[in-house]
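Every number here is computed from the coordinates shown, using simple stated rules; none is lab data. Computed from a prediction, not measured in an experiment: that's the story for all the values here. Here the Cβ is made from the backbone with ideal geometry for all residues, glycine too, and neighbour counts use every protein chain on show.
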Amino acid sequence: MSHPIRSTAVAVLLAIVVGLSLAAIPASAVPAAPTIAAAVTPNAVGTGFFMGPDVSSWQHTGGAINWSAVAGSGKTFAFVKATEGINGTNPPYTNPYFAGDFAGAGGAGLYRGAYHFGRPALPVSTAGDQARQFVGVTGALHGALDLPPVLDLEATGGLNAADLTAWTATWLSTVQQLTGRVPMIYVSPGFWTSALANTTSLSTYPLWIARWTSAADPLPLPGGWTSWMFWQYTSTGSVPGITGNVDISRFCCSLAKLAEISGSASGRPQLFLRNSPTSGIADHTYVYAAPAGGTTLMCDWNGDGIDTPGVFVNGTWYTTDATTGGLSQLDFGYGGPGDLPVCGDWNGDGRDTPGVVRRGGWYLVNTMGKPTADVTFSYGDSTDVPLVGDWNGDGKDTPGVKRGTLWYLVNQAGPPIADTSFGYGNPGDVGVVGDWNGSGHDGVGIKRGAWWYLVNTVGQPTADLVASYGEPSDVPVTGRWLAGGPTSIGVVRPTF
Ligand SMILES: [Ca+2]
Ligand SMILES: [Ca+2]
Ligand SMILES: [Ca+2]
Ligand SMILES: [Ca+2]
């Protein structure tokens, strides 16, 4: 079935020069990687790990917590128990000190997190009940100092590993849905290994590992995790302002990373991806915890055949290989504010890498995190929308630009003359690129409102595939969400 859409009157355009000179902007014009500015906090310690306690009602048996003294001792963050799921007919438990301690920690300038002590039970839907119980007390945790929500896993409730895994996954996904934030798992290696049979199915969630040891690190990690975000290294710590023993944890990374995982989740990209371009609901829905306000690109950064997010915000790239959201794995500077980000496999090695387009100048790099361009040239002008595709099926991605309703595609990085040019769509349509039929050649398409019109053969004036997906205000993304399939579609929508 063919669905014509209005095309411009010019069916065949002469190839035209859209760039006047090669590499008019020298490579050195691309700035070196900017460092990510560290957040300023009065509690920063100069070296070593950033540390903080986690508290519950137990820490009130000796009196109120003096949060100013906690902060003054050099601690950077604190976690406070909010709720504990109680099954059956018992009323759900809320820590009576949660509100006061959460506010007190924030008032002292500490990053603060809230956790739920899980009480797993069957049916698995009780996990959703407990997620709602938790969020009902904590709210969405969008405050500037708020850390990700936490599930404290220490009890099995008698569930076997498969049920406990399903219960945990349900709590996490429900909290993520309710808050727009990616929750974190608190667990000991022993509990994860035995009670959850060391499942690797949840390793895209950040890990708060409980391993009480004087060793220099908590390795090895269970569950397929390759990194930890917080490490509770002792249960018998001492912190000024808190009476008695208290748990203390270390944060993995820099203050900039702490700031990145904290604060408002508002505006962070939420992905809705379907496996078939023309049918089905969202097969993959997740929030990517990159900073708000950026441009989301989907590319195959690790060469495994699956496209995952990269977010470009004013010259900083936040990329991940995870297919279920979570935090960025690699942050680096490339380009600057006002640049238009692109990604593609410029050298045909099977991995996609970044590029930026600045006033018609293209600056492409072949290695993730490399601060200087490998390839530079001019193509298009400052008002064109850059696109990237493998138009000729040779395994390398090359530029295209969309200028109003006209498309200009080129098969090599450098020559300023379009190999293919044609009109497709209306002014205001958003252009997309993909290999919709798995031929090895990319085609094009447009998103108009909620409707998508996709073409397998560039230059063909009628759509091969027509689909309705997403809201008119959603930003389209395209890519392979399953290895081996043709390119499919999805949308990006900022979280609330
Ligand atoms: Ca990949
Ligand atoms: Ca490559
Ligand atoms: Ca190509
Ligand atoms: Ca194709």
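Data overview
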| quantity | calculated |
| --- | --- |
| Full-stretch length increase - Tyr93, Thr226 - with 0.36 nm per residue and alpha-carbon distance subtracted | 44.5 nm |
| Shape of segment 219-320, Cα gyration tensor, a/c cut at 1.5 | prolate |
| Kirkwood Rh and Cα Rg combined as Rg over Rh, evaluated for segment 396-437 | 0.98 |
| Neighbour-count order for Ser279, Ser254, fewest beta carbons within 10 angstrom listed first | Ser279, Ser254 |
| Ranked list, fewest to most other Cβ atoms within 10 Å of each Cβ, for Thr295, Thr495 | Thr295, Thr495 |
| Overall Cα dimensions of segment 118-217, principal axis frame, Å, largest first | 37, 33, 20 |
| Backbone N under 13 Å from the Ser201 label point (7 Å along Cα→Cβ), restricted to segment 150-168 | 160-168 |
| Separation of the Val313 and Val385 label points, Cα + 7 Å toward Cβ, nm | 2.4 |
| Set of lysines with alpha-carbon distance to Lys81 below 20 Å, sequence-local pairs under 8 removed | none |
| Exceeding the 29 Å Cα-Cα cut-off - candidates Lys257/Lys402; Lys370/Lys396; Lys75/Lys370 | Lys257/Lys402; Lys75/Lys370 |
| Added length on full extension, which subtracts the Cα-Cα distance from 0.36 nm per residue, Asp283 to Ala144 | 46.9 nm |
| Where N is the number of residues in segment 260-402, Cα Rg divided by 2.2 N^0.38 Å | 1.04 |
| Modelled label reach - Asp304, point 7 Å along Cα→Cβ, segment 191-211 residues with backbone N closer than 18 Å | 199-207 |
| More than 23 angstrom apart: percent of Cα pairs within segment 50-261 | 43 |
| Neighbour-count ranking [beta-carbon atoms within 10 angstrom, fewest first] of Ile281, Ile185 | Ile281, Ile185 |
| Global form of the chain, assessed from the alpha-carbon gyration tensor, a/c cut-off 1.5 | prolate |
| In Å, descending, principal axis extents of the Cα set of segment 332-419 | 34, 31, 18 |
| Against the rule of thumb 2.2 N^0.38 Å, how large the Cα Rg of segment 356-496 comes out | 1.05 |
| Gain in span if fully extended, Ala162 to Thr61, counting 0.36 nm per residue against the direct Cα distance | 32.6 nm |
| Helical segments meeting 15 Å axial Cα length and Kyte-Doolittle -1.0 threshold in the chain (DSSP H) | 126-138, 161-179 |
